[in-house]
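The structure follows.
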Amino acid sequence: KKLCLVTNSPLFKLSFFLIGMLIGITGTIRAGKTELANWLVSEYGCKRLGFGDVVREEAENRGIEIDRDNLQALGARLREEEGIYVWVKRIVEQVLDGDYVIEGIRYIEDINGLRKSFGEFYLLGIDAKQDLRYERAVALAELNGGGYLTWEEFLEQDRRDRIGIENGQETDKCLKLA
């Protein structure tokens, strides 16, 4: 799927500026979700929230090392302990007045929870070629001082995140709704 957002459309501009708007972003690992969110913030002045940010904050509060496996395990554990909408509730608590872009939606339950809280919203899906996403993942690992990520490790992470196994996520299901 390709992202096609007609930002010069008078209807888009009118709805974005006159009505509080919520835009959700889902997508594969390193596809550009954060870049898209940052662009929407800079172009339209909306506020940015991220599911990953609230999970990282919880991990820091608990003294858990911040890495993909630990964050996914924490996310899954709290979904079991506190209910499937635990992370949606934390996002919703931060939404005040204005326009928001919510990045990192990776579960169907998160989409449903946001719809129950806010009604309909724009859900954008973003993907990129696997080799490009792998290059971005390697660059990020090097930037963060982490170990080298092999192609096979990346493929396993990508598979787990796309189809929801072993604390993985449901990115493919979310992309179908975008």
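None of the figures in this text is laboratory data; all of them are computed from the coordinates on show. Everything quoted here is computed from the prediction, not taken from an experiment. Cβ placement follows ideal geometry from the backbone for every residue including glycine, while neighbour counts extend to all protein chains displayed.
Which semi-axes, in whole Å and largest first, does the equivalent ellipsoid of region 87-178 have when worked out from the alpha carbon gyration tensor as the square roots of 5 times its eigenvalues?
Working from the Cα gyration tensor, I get semi-axes of 28, 16, 12 Å.
Counting only DSSP beta bridges with both residues in region 19-111, what percent are antiparallel, rounded to the nearest 5?
Of those bridges, close to 0 percent are antiparallel.
Additional query: What is the ratio of the Cα radius of gyration of region 25-178 to 2.2 N^0.38 Å, where N is its residue count, to two decimals?
Scaled against compact globular proteins, the figure is 1.02.
Please tell me the relative contact order of region 25-96 in percent, rounded to the nearest whole number, where contacts are Cα pairs under 8 Å and at least six residues apart.
Once divided by the residue count of region 25-96, the mean separation gives 24 percent.
When the Karplus curve 6.51 cos²θ - 1.76 cosθ + 1.60 is applied with θ = phi - 60°, which whole-Hz ³J(HN,Hα) does each residue of region 36-48 get, with x for Gly and Pro?
Ordered by residue, 3J(HN,Hα) equals 5, 4, 5, 5, 5, 5, 6, 6, 10, x, 6, 9, 10 Hz.
Just how large is the dipole of region 26-85 about the Cα centre, in debye to the nearest 20, putting +1 at every Lys and Arg Cβ and -1 at every Asp and Glu Cβ?
Its charge dipole is roughly 220 debye.
Still on this structure: Can you give the local net charge around Ile64? Use residues other than it whose beta-carbon is closer than 14 angstrom to its beta-carbon, Lys and Arg +1, Asp and Glu -1.
-2
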